[in-house]
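The values are calculated or read from the model by the stated rules, or taken from the named source; none is laboratory data. Source: prediction; values computed, not measured. Cβ atoms come from the backbone with ideal geometry, glycine included; neighbour counts cover every protein chain shown. Each accessible area value is taken on the protein alone, full model and side chains, heavy atoms only, with ligands, DNA and RNA left out. Shrake-Rupley method; radii C 1.70, N 1.55, O 1.52, S 1.80 Å.
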Protein chains: 2
Amino acid sequence: MSFHNGFFHHNLQFSRSFTKKLNEQLAKVDLFHSQWLIVYYLYQYGCSTLVEISTYLDVEKPTVTRTVNRLEERGLIEQIPGKDKRERRIQLTEPGVRTYQEAKKVVEEFELQLMTGLAEEDREATLRTLLFLKEKLKQ
Amino acid sequence: MSFHNGFFHHNLQFSRSFTKKLNEQLAKVDLFHSQWLIVYYLYQYGCSTLVEISTYLDVEKPTVTRTVNRLEERGLIEQIPGKDKRERRIQLTEPGVRTYQEAKKVVEEFELQLMTGLAEEDREATLRTLLFLKEKLKQ
DNA sequence: GGTGTATAGTTACCTAGGTAACTATAATAT
DNA sequence: ATATTATAGTTACCTAGGTAACTATACACC
């Protein structure tokens, strides 16, 4: 694609394949990958607002609203009262924590399996490249 | 994210940011990035079927159907009759070719700008990594 | 030549990203 | 104290990916 040996083309294809396979794996614990990202964040950082999640994941607020609603309907998160009435502070419920723990195993196994065989310096160079490009996109 | 220094997490974030910015750029020529991919393919490979496009882009058939319909409504592609009545062979119209040429400039400028400053060996390592990971996902 | 199978494409419906415009509340400035 | 501005979140609607099930045509085989 284009004159960069399909660099960006391959990146997009990989992302699609990756989320597809990750969704297949996460189906074992009845989660979608976007739900997993929020459950992961809530476990690591404790109770949060939707804007905090939106900022961390770099996803727009309406998208977060929708996914959080699904998690709430499924009883994996709960609202906690706060001073600022605009905010919606949420945290994992007890079933939410259990789901996190199960999903974590699935995701770690999946990512580890995918990573094995990849040269360490290639992994580092790729991470460096992604961070570089992400930064450039912000300008 | 997880124990790989957020490798996959950064990749997903980058892909989202990338398509977002590319869509912004392609708005200049009134295209979305998924439409651009098909226009690009048709210009390079000539008249094609939807399955050929689907295979090349690694995107499911229903997705291709939808995007192709939009391109046809906009008059950028046209159907050409063929022997196999199941197939839908399409090609760029004359306005489609012009749109390709305009979009090509926009995309090349965007990608070039993004690439400048990236070390050559990092670019190569990243491409190698993406191809490696894509291959592993197919298993 | 009829039957079973494979292929091309579509339809319906799901998640997931985006923007624009809106409401409600908080913070700030005058 | 009031008016303005900023922030949190939602709603409506768009593109874009996916799966499952379907139709119609082509192919293969007996």
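State whether one or more residues within segment B:48-61 are aromatic (Phe, Trp, Tyr), more than 24 Å from B:Lys134 (Cα to Cα) and at pLDDT 95 or above.
Scanning segment B:48-61, I find no residue that is aromatic (Phe, Trp, Tyr), more than 24 Å from B:Lys134 (Cα to Cα) and at pLDDT 95 or above, so the answer is no.
Please work out if A:Gly96 is more than 10 Å from DNA strand C (Cβ to nearest atom), within 22 Å of A:Lys28 (Cα to Cα), of a type outside the set (A, V, I, L, M, F, W, C) and surrounded by 13 or more Cβ atoms within 10 Å (Cβ to Cβ).
yes
Go through segment B:98-139 and count every residue that is part of a helix (DSSP H, G or I) and of a type in the set (Gly, Ala, Ser). Talk me through it step by step, then tell me what you get.
As a first pass, look at segment B:98-139 and keep what is part of a helix (DSSP H, G or I): B:98-115, B:120-138.
Narrowing further to those that are of a type in the set (Gly, Ala, Ser): B:103, B:125.
Final tally of qualifying residues: 2.
Just to be sure, is A:Asn23 open to solvent by 20 Å² or more (accessible area, probe 1.4 Å) and under 30 Å from B:Leu131 (Cβ atoms)?
yes
Among what's in segment B:99-124 and is among the polar types (S, T, N, Q) and open to solvent by 30 Å² or more (accessible area, probe 1.4 Å), pick the residue that is nearest to B:Thr65 (Cα to Cα).
Of all residues in segment B:99-124, those among the polar types (S, T, N, Q) come to B:99, B:101, B:113, B:116.
Okay, now just the ones that are also open to solvent by 30 Å² or more (accessible area, probe 1.4 Å), so B:101, B:113, B:116.
Details: B:Gln101: 23, B:Gln113: 32, B:Thr116: 36 Å.
The qualifying residue nearest to B:Thr65 (Cα to Cα) is B:Gln101.
Please return the ranges of helices (runs of 4 or more DSSP H) entirely within segment B:5-97 where 3 or more residues are closer than 21 Å to A:Thr19 by Cβ, within 13 Å of chain A (Cβ to nearest Cβ) and hydroxyl-bearing (Ser, Thr, Tyr).
The helices (runs of 4 or more DSSP H) meeting that bar are B:7-26, B:50-57.
What pairs come up if the first residue lies in segment B:109-120 and is over 20 Å from B:Gln25 (Cα atoms), the second is buried (at least 16 other Cβ atoms within 10 Å of the Cβ), and their beta carbons are under 7 Å apart, counting only those six or more places apart or on different chains?
As it stands, the answer is B:Leu118/A:Thr129; B:Leu118/A:Phe132, since those pairs meet every condition given.
Tell me, please, whether a residue that is surrounded by fewer than 13 Cβ atoms within 10 Å (Cβ to Cβ), among the β-branched types (Val, Ile, Thr) and within 16 Å of DNA strand D (Cβ to nearest atom) can be found in segment B:75-85.
The answer is yes, given that some residue of segment B:75-85 is surrounded by fewer than 13 Cβ atoms within 10 Å (Cβ to Cβ), among the β-branched types (Val, Ile, Thr) and within 16 Å of DNA strand D (Cβ to nearest atom).
State the number of residues belonging to segment B:1-52 that are among the β-branched types (Val, Ile, Thr) and within 13 Å of DNA strand C (Cβ to nearest atom). Quick ask: steps written out before the conclusion?
Residues of segment B:1-52 among the β-branched types (Val, Ile, Thr): B:19, B:29, B:38-39, B:49, B:51.
Applying the additional criterion that residues be within 13 Å of DNA strand C (Cβ to nearest atom) yields B:19, B:38, B:49, B:51.
Counting residues in segment B:1-52 that are among the β-branched types (Val, Ile, Thr) and within 13 Å of DNA strand C (Cβ to nearest atom) gives 4.
Quick check on my filter: what residues within segment A:40-51 are crowded, with 16+ Cβ neighbours inside 10 Å and within 12 Å of DNA strand D (Cβ to nearest atom)?
A:Ser48, A:Thr49, A:Leu50
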